Each structure stands twice: as C-alpha cells, then as structure tokens.
C-alpha cells in the first residue's frame, strides 16, 4: 500500500543527521543531505507567517544553514533513546535537550515507522538510537502538527496529531489534510 511517509523519507535512509539542535523551547531540528548553498529563513509551516517569536529568533540568532532535507520536530513530545535507555526528552531542562540532540548528531537514519496506538513516529538511527515523537498528552482544540519534513524540491510533508498528513508545496496555502492510509 502507498505509504506517503515512507516514500518521503526513503531518500534520507542512510544519510547522517547534522546540525541537530534545539530550536525555540523544545522544538528539535535535524538536517540531512548536502548543505544548501543558500541560507533559509523560516517559511511555510504552521503558524509561521507573522509569528513574531520566530522572527525575533531569526533576527537574534540569524538564519541557520539548512540541509537538502530539514526535519522539524514541532508541537509534540519527543524522547531520544539509546540502547533502550532514555537519554533526553522534550520535557527536560534545556541542557538535557541539547545533550539529547547531540546524541543524534552524525548518526545515519535507518528507518521511519509510524505506530497507531498511540500515534508515535519512530526515527531509527544507527548506534541503536531512536527518536520517538508523540502528540502532547493534553489534546489541543485543533490537532497540532507533530513534525514537518522540508524536501529539496520545495514540498513539505507534515504529520498531525489526529493521524492526518499534508504533502504540499512549501509556498502553498492549501490546508488539505488526508488520513494516513492503513496499516501504518
């Protein structure tokens, strides 16, 4: 069966994550592939247009170099596991979040899985490390975007907490959400 998530991540399998870092709060970003010759400012994404917090961060820190693929762990809970032990979570202190991000630095992505109950995305890396991404325990009024994958050709794949996904051009205003096909 067509798996939009597996298809989008297929080119990343075997590529090492680089510039893995904490963004605003506990957001986490991972770069894959060759560095882009240009430096990107935030663009299409949930609630970014006119987001003064993001605009202040870019002015203060400057835009960050990006890879061909940019994975943004967004409004979700996440944890990094290594050898079946939790090494850091999105709920930890900022120093622990930074340490968890450092564990994934340079590790190659091996597999991506989406589990249905509860909705969990597992990003498997080499050296027995896994990034677990789940919805927040407290449900929001609107389903929140768990993660976004920015692709080299300008498409953005987004998974939402209600198990719906969007795969649209980054400059699109289309909010078309489709249910993930079964089985995940």
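The values are calculated or read from the model by the stated rules, or taken from the named source; none is laboratory data. Please read these numbers as outputs of a predicted model, since none were measured by experiment. Because the Cβ atoms are built from the backbone with ideal geometry, glycine has one as well, and the counts that use them run over all protein chains shown.
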_Can you pull out every residue in the stretch 139-161 that is in a loop (DSSP other than H, G, I, E, B) and surrounded by 15 or more Cβ atoms within 10 Å (Cβ to Cβ)?_
143, 144, 151, 161
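Keeping to the stretch 141-154, report how many residues are without any contact (Cβ under 8 Å) to a residue 40 or more places away in the chain and touching a strand residue (DSSP E or B) at 6+ places or on another chain (Cβ under 7 Å).
Adding up the residues that qualify gives 2.
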*Hey, can you tell me all the residues within the stretch 58-91 that are modelled with pLDDT under 90 and assigned to a strand (DSSP E or B)?*
65
*asked:* Looking at the structure I just gave you, is residue 21 at pLDDT below 50 and either surrounded by 13 or more Cβ atoms within 10 Å (Cβ to Cβ) or closer than 24 Å to residue 95 by Cβ (or both)?
replied: no
*asked:* Which condition from (1) under 16 Å from the mean Cα position of the chain (by Cα); (2) surrounded by fewer than 17 Cβ atoms within 10 Å (Cβ to Cβ); (3) at pLDDT 95 or above is the one that residue 136 breaks?
replied: (3)
